[in-house]
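Participant: Pasting a structure below so you can have a look.
The values are calculated or read from the model by the stated rules, or taken from the named source; none is laboratory data. Please read all numbers here as calculations on a predicted model, not as lab measurements. In this analysis, Cβ positions are derived from the backbone assuming ideal geometry, glycine residues included, and neighbour counts consider all displayed protein chains.
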Amino acid sequence: MRLLLLSFVLIYSVCVFGYNADQQSKPEQPQTQTEKEPKPQNPSVLDASIDRPLAQPEHEAHTSEREQKPELWGMNVSEWVMSFLTLAYVLIASGTLYVIREQGKDVHGTVAAMRDQHAVMLLQYESTKSQVDLIEKQVSEMSEQTKILQESVGASAAAAETSKRSVDAMIDKERARISIELGTLKIDPPSTQWSFNHVEYRVFVHGATPAFIEDATYRLDATGTEEFPENDTWPHSMNLKRTMVPNFDGELRKAIFFRNEPIESEILARKQFVHFAGGVFYKDVFGIKRETRFRYIWDVTDLSNLDGKLFAYWRKLGGDSENFER
């Protein structure tokens with residue numbers, strides 16, 4: 001815009017300068033030949049001259065034509081104007097070309113910057129791809145390590161299970177076990193007024209280590225049903241030692257129940273049923289709590305002994321859920 005304004009001012013200045021030069025270079029009008037020549041005295045000649053136009057010389061015609069077109073440094077005003085207009089166009093074109101070149105430089109710089117960005121993006125892509133490949137490799141290695149660790153854990157678990165089994169087998173072999181062995185039920189004969197009935201039993205400790213008794217109770221009673229009474233209490237203590245070592249003969253104990261009348265006939269007639277139940281609670285040498293439970297009924301059969309009396313024995317009542325050692 002500045003270039004256009006400068007060109008306009010320059011052209012305007014040249015035009016004004018040319019116009020002033022044109023006004024200053026205009027020559028004075030030359031006198032015609034008719035004014036210099038005296039008038040002829042002969043009227044006939046005068047009339048003839050009036051009727052015939054005066055002829056101007058050829059060089060004077062050319063001179064008048066040149067005088068009609070003022071010149072400056074060999075060119076007239078129109079030629080100067082055309083020259084300066086052409087110059088202005090050249091300047092405008094040069095300015096436009098300069099602007100286009102500058103814009104081309106900017107575009108070239110933008111393209112170069114985009115190329116640099118593209119190169120940077122390619123480098124970032126390669127770096128990211130390398131990192132992804134590294135991560136995939138690490139994940140693969142971690143998977144392999146996890147698989148190895150799982151196998152190792154599995155092997156360790158198997159070894160631990162084997163060790164546990166070995167320890168359990170050792171504990172099971174060395175631990176104390178308590179069992180109860182019942183003797184024959186003794187019933188007082190019918191001649192006595194009070195019936196003191198009892199049963200002798202033995203408490204055995206098996207194994208290679210002692211048992212530490214925490215509690216040992218029993219219940220011996222006669223009821224009118226084969227089912228054990230609902231009042232499943234063991235009110236009597238076995239009076240065992242607090243520490244019982246392994247033994248082969250067992251600790252002999254006696255359990256007693258009595259009636260104020262003889263009941264042998266009712267027992268033989270299966271009207272009364274004698275129940276004997278109890279439990280021993282203890283710890284083994286490894287600190288593990290153990291218990292032994294038992295529940296029996298005196299079962300009278302239809303078979304006879306050699307002495308003619310009916311055969312009877314202690315039968316487990318309730319199955320393994322009521323008779324166990326653990």
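Participant: Go through ILE171, ILE180 for me and flag whichever is within 30 Å of PRO246 (Cβ to Cβ), part of a strand (DSSP E or B) and touching a residue at least 40 places away in the same chain (Cβ under 8 Å).
Facilitator: Working: ILE171 fails: part of a strand (DSSP E or B).
When all the criteria are applied, what remains is ILE180.
Participant: Among the residues of the stretch 273-314, which ones are out of contact with any Ser or Thr (no Cβ under 7 Å at 6 or more places or on another chain), free of Cβ contacts under 8 Å to residues at least 60 places away in the same chain and either surrounded by 14 or more Cβ atoms within 10 Å (Cβ to Cβ) or closer than 17 Å to ALA255 by Cα (or both)?
Facilitator: Result: ALA277, GLU291, ARG293, ASP299, VAL300, TYR313.
Participant: Just to be sure before I move on: is ILE135 within 56 Å of the chain's Cα centre (by Cα), under 27 Å from PHE281 (Cα atoms) and either part of a strand (DSSP E or B) or modelled with pLDDT of 90 or more (or both) in the structure I sent? Break it down stepwise before answering.
Facilitator: Numbers: within 56 Å of the chain's Cα centre (by Cα): yes; under 27 Å from PHE281 (Cα atoms): no; either part of a strand (DSSP E or B) or modelled with pLDDT of 90 or more (or both): yes.
Spelling it out, it is not the case that ILE135 is within 56 Å of the chain's Cα centre (by Cα), under 27 Å from PHE281 (Cα atoms) and either part of a strand (DSSP E or B) or modelled with pLDDT of 90 or more (or both).
Participant: Considering each of GLU200, GLU161 in turn, give the residue that is within 30 Å of LYS283 (Cβ to Cβ) and part of a strand (DSSP E or B).
Facilitator: On the way: GLU161 fails: part of a strand (DSSP E or B).
It is GLU200.
Participant: I need the full set of residues from the stretch 205-230 which are surrounded by fewer than 14 Cβ atoms within 10 Å (Cβ to Cβ), under 60 Å from the mean Cα position of the chain (by Cα) and not charged (D, E, K, R), in order please.
Facilitator: Residue satisfying the conditions is ALA208 alone.
For every residue, the table says whether it meets (1) of a type in the set (Gly, Ala, Ser); (2) at pLDDT below 90; (3) in contact with a Leu (Cβ under 7 Å, 6 or more places away or on another chain).
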site	(1), (2), (3)
GLY278	yes, no, no
PHE281	no, no, no
ASP284	no, no, no
ASP299	no, no, no
LEU310	no, yes, yes
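Participant: If we only count strands (runs of 3 or more DSSP E) wholly inside the stretch 220-326, which ones have 1 or more residues that are more than 16 Å from ARG177 (Cα to Cα), in contact with a Lys or Arg (Cβ under 6 Å, 6 or more places away or on another chain) and among the acidic types (Asp, Glu)? Outline the logic, then answer.
Facilitator: Values: elements: 251-259, 273-283, 289-304, 310-316.
Result: 289-304.
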